[in-house]
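Trainee: Below you'll find the structure I mean.
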Amino acid sequence: MKYDYICGGNVMLDKVLFLESPRQICGFVGDPDDGSQSGREHIGGPATFAYAGVRIWTDSVMQCSNIGADHETLFKPWIEKNNIETKGFKVVCDRCNHTILRFMDKSGKYGAADYGQTEEESWLKNDAWQDFGYMKTKPEELEVFTKDGVKGVYMAQNADRTFWKKLSAIKKRDQFKMMWEIEAPWSHKHYLEDIREIAADAVDIFSINISEAQKLFEVESDEDCIKGLQTLDVDMTIFRVGDRGLYAVTRDEAIHLPPAPGEIVDPTGCGNTSTGSALYAYAEGKDALMVGIMANIGAKQNIRQYGVVPDFLSVREESYEMAEELYKNYKK
């Protein structure tokens, strides 16, 4: 079967902890609580969340990821419920990446919990170092699925020029739109010239959050981040600003869109999900306003539960209706 969209990158199994209420972290004003946690692991990782961002809108999407042999317990029920194609999954090591994420404050900033507090956490850290290397999706693995008229490809990836040179050659041959979501450690001024070169050669649409953009351009304000992003040779950038929503940035304008309304449970993966939705909207020929709206709706559908969207068909009609309504309202 031919698929229009391919989402490549890492898979993670996340346990989520909050120092404050997730509702406070996401900007909710109301009765406070003393923090929470999901209590168990949930399917995650940039490729899986981006897949969800596309799958909200269409069934014609496949994930291309290397995974651990322990993936089935969590993945199998989700795969069966949503009739998910698995030929893009390849078992390459014993364990998926098991991560413990701790959200710090209302800004949405998060980091790995302090490993070493328990015996389990000490070996989780060792696994994380090892498995990221095993699990990187390679251009050659994406190429298997891009030859049949694929419209768009998503990668969460660093600024390694050798990787991108290979992927650029595949893109030019197969003529798909490329979404690059920069990985956080490479959003640094040190890599700016590499990012410029990669963007000009291989990327149509780019995605970055505010803390990453601030480090990349060594600036603070939204406006200065946008000025920096407009110097990149891409058609559009999804510039994510946490609980304030996002900007759809082109060379000539930046459209600010506040978050789509909805229930707030867990922000983990909202950036990846919104990026996947943005790729779909962009490759389907939507204008910058609708790309931003659909990206925000992807985040809205992700934030309403722990982990990835559990049932795509149950939210599709609602998502399309909301997109049309918001587009009409913003146009007014």
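Trainee: Looking at the range 314-332, which of its residues are of a type outside the set (Phe, Trp, Tyr), closer than 13 Å to Trp57 by Cα and touching a residue at least 40 places away in the same chain (Cβ under 8 Å)?
Mentor: Val315, Arg316, Ser319, Met322
Trainee: Continuing with the same structure: Taking interchain pairs and intrachain pairs at least six residues apart, which have beta carbon atoms under 6 angstrom, with the first residue in the range 287-301 and surrounded by fewer than 24 Cβ atoms within 10 Å (Cβ to Cβ) and the second among the small types (Gly, Ala, Ser) and assigned to a helix (DSSP H, G or I)?
Mentor: Met290/Ala281
Trainee: Also, I was wondering about something else. For the range 237-332, which fully contained helices (runs of 4 or more DSSP H) count at least 3 residues that are over 22 Å from Gly152 (Cβ atoms) and of a type outside the set (Val, Ile, Thr)? I'd like the intermediate steps shown before the answer.
Mentor: Numbers: elements: 270-283, 288-302, 313-331.
So the answer is 313-331.
Trainee: Taking the range 302-332 as the search range and keeping residues that are buried (at least 17 other Cβ atoms within 10 Å of the Cβ) and among the aliphatic types (A, V, I, L, M), which one is nearest to Phe75 (Cα to Cα)?
Mentor: Going through the qualifying residues, I end up with Val308.
Trainee: Across the range 204-238, which residue is nearest to the chain's Cα centre (by Cα) among those that are closer than 18 Å to Ala295 by Cα and charged (D, E, K, R)?
Mentor: It comes out as Asp204.
Trainee: Any residue at all in the range 157-176 that is crowded, with 16+ Cβ neighbours inside 10 Å, under 19 Å from Ser277 (Cα atoms) and of a type in the set (A, V, I, L, M)?
Mentor: No, the conditions are met nowhere in the range 157-176.
Trainee: Please give the number of the condition Ala260 fails out of (1) modelled with pLDDT under 95; (2) surrounded by fewer than 20 Cβ atoms within 10 Å (Cβ to Cβ); (3) of a type in the set (A, V, I, L, M).
Mentor: (2)
Trainee: What is the residue count in the range 247-276 for residues that are within 16 Å of Ile56 (Cβ to Cβ) and touching a strand residue (DSSP E or B) at 6+ places or on another chain (Cβ under 9 Å)?
Mentor: 8
The values are calculated or read from the model by the stated rules, or taken from the named source; none is laboratory data. What you see is a predicted model, and the numbers here were worked out from it, not measured in a lab. Virtual Cβ from ideal backbone geometry, glycine too; neighbours counted across all protein chains shown.
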